[in-house]
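Notes for the one structure printed next.
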Amino acid sequence: MDYDGMFDKAIDALREERRYRVFTELRRHAGEFPKATRFLEDGSEQDVTIWCSNDYLGMGQHPKVLDAIKQATDTYGAGAGGTRNISGNTHMICELERELADLHRKEAALVFTSGFVSNDATLSTLGKLLPGCVILSDELNHASMIDGVRHSGCEKIIFRHNDVRDLEEKLKKIAPSRPKVIAFESVYSMDGDIAPIRDFCDLARAYNAMTYLDEVHAVGLYGPRGGGVAEREGLMDRIDIIEGTLGKAFGVVGGFISAKRNIVDAIRSYAKGFIFTTTLSPVMSAGALASVRHLKSSRIERAIHQERAATLKQLLSDAGLPILPSVTHIVPLMVYDAELCKQASDMLLDEYGIYIQPINYPTVPRGLERLRITPSPFHDDTMMAELVSALTDIWGRLGLRQAA
Ligand code: PLP
């Protein structure tokens, strides 16, 4: 049996399709984010500026978060000691869950080891707990939601992205007696658009469906306390299950859901992705707790973040660079070609010390390859001017498409 050949063939297929992924080795500098050091294969080092991090607010280096992590390490030690079934709840994770439930004004919350796991574990379990359930899923939902729906084993209906009419057409055809879950995201992280949450909630009410909202790219960033877009729009009470991550705007790691107590209790009791894995460590729980608490009361990070994103969009658009009309902090700069996207990304990094990972299929459809730029409160005017100048140069040299 040629096992090596099989693995090589799988990798070659990716190379042929020009979507073999190469990850840059970086050392971030706490206190100097978005500055970092890149390690090259020849052993040399290069100073770079990161422009594609999902640590959207730089909370991964916030002094309160770092202090909480240091203190928790000294107080509790490193790990959680196993699954909750084996080792019980750490005090830190209970504090964190109370804080997250309060963030979303829900009765309870449940922390998982990542946002991916929380989606997969919760959706797959929901489908199993609701006999005859149909899950209606937005066509652009994240891979973790797609996996969760698939693992639920129940019927799945895909509706067109953010399309209220299409969702209603699909709901109409389902027998009223069947349980239904509408699963969608608030901020779609590749295009930077936002779901019509209110309209979806109205449909859920009319057709007696539950709502499941992924706020991974919105928690910490939107709403007066960083609850997400549903908080900003006054709709949190109309969402049955809100899911989020502790790894992006909150800057640490982990995922969670918040919901009514009986829903959380059922997921806690049945979800394999919760039961059979070691709990998030008390150290990371303490860091996440400090971050959530801080962003609940401090609005300055959100305000600067929005201002920085708006400024960068304006600068790129003034330079004739083809950005999508994102209504959020995400700035998608379109390349429309996998090879050229990789080339543009390599040139930015090698020649300008600007790190923006290329986004290719399957993260986005073929032909819609892009550079996904995520300005943070720490990207100043000088960095922005350098970025726009580098992009303008590269766009000219590679003959890339300009804005229409
Ligand atoms: N949901 C969405 C929409 C995402 O984009 C991601 C990750 O990028 C996740 C869930 C998974 O979150 P995490 O990175 O915490 O696993």
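Rounded if a/c is under 1.5, else prolate if a/b is larger than b/c, else oblate: which is the stretch 1-143, with a ≥ b ≥ c the root eigenvalues of its Cα gyration tensor? Oblate, because a/c is 1.5 or more while a/b does not exceed b/c.
Residue separation of residue 346 and residue 71 scaled by 0.36 nm, minus their Cα-Cα distance, works out to 95.0 nm of gained length. Considering only 196, 362, 224, the Gaussian network model of the chain with Cα springs below 10 Å gives its largest mean-square fluctuation to 362. Remark: 281, 389, 118 ranked as 389, 281, 118, counting other beta-carbon atoms within 10 Å and listing the fewest first. Over the residues of the chain, the helix contribution to mean residue ellipticity at 222 nm works out to -13500 deg cm²/dmol, using -39500 (n - 2.57) for each DSSP H run of at least 4. In this rough spin-label picture, where each label sits 7 Å from Cα along the Cβ direction, the residue 381-residue 366 distance is 4.6 nm.
Structural descriptor for the stretch 81-234: relative contact order 17 percent, calculated from alpha carbon pairs under 8 angstrom and at least 6 residues apart. Label-to-label distance, residue 233 versus residue 10, with points set 7 angstrom from Cα along the beta-carbon direction: 3.9 nm. Each residue, residue 30 and residue 199, gets one label point 7 Å from its Cα in the Cβ direction; the gap between the two is 4.6 nm. Taking 26 Å as the straight-line reach from the Cα of residue 128, the lysines in range (excluding those fewer than 8 positions away in the same chain) are 106, 156, 170, 172, 173, 180, 260, 272. Applied to the stretch 106-118, the Karplus parametrisation 6.51 cos²θ - 1.76 cosθ + 1.60 on θ = phi - 60° returns per-residue 3J(HN,Hα) values of 10, 6, 8, 9, 9, 9, 10, 6, 7, x, 4, 5, 5 Hz, with x for Gly and Pro. Of all DSSP bridge pairs formed entirely within the chain, close to 60 percent run antiparallel. Bridges between two residues of the stretch 94-234, per DSSP, are antiparallel at a rate of about 10%.
Every number here is computed from the coordinates shown, using simple stated rules; none is lab data. Model, not experiment: these values are computed from the prediction. FYI the Cβ positions are ideal-geometry reconstructions off the backbone, even for glycines, and counts take in every protein chain you see.
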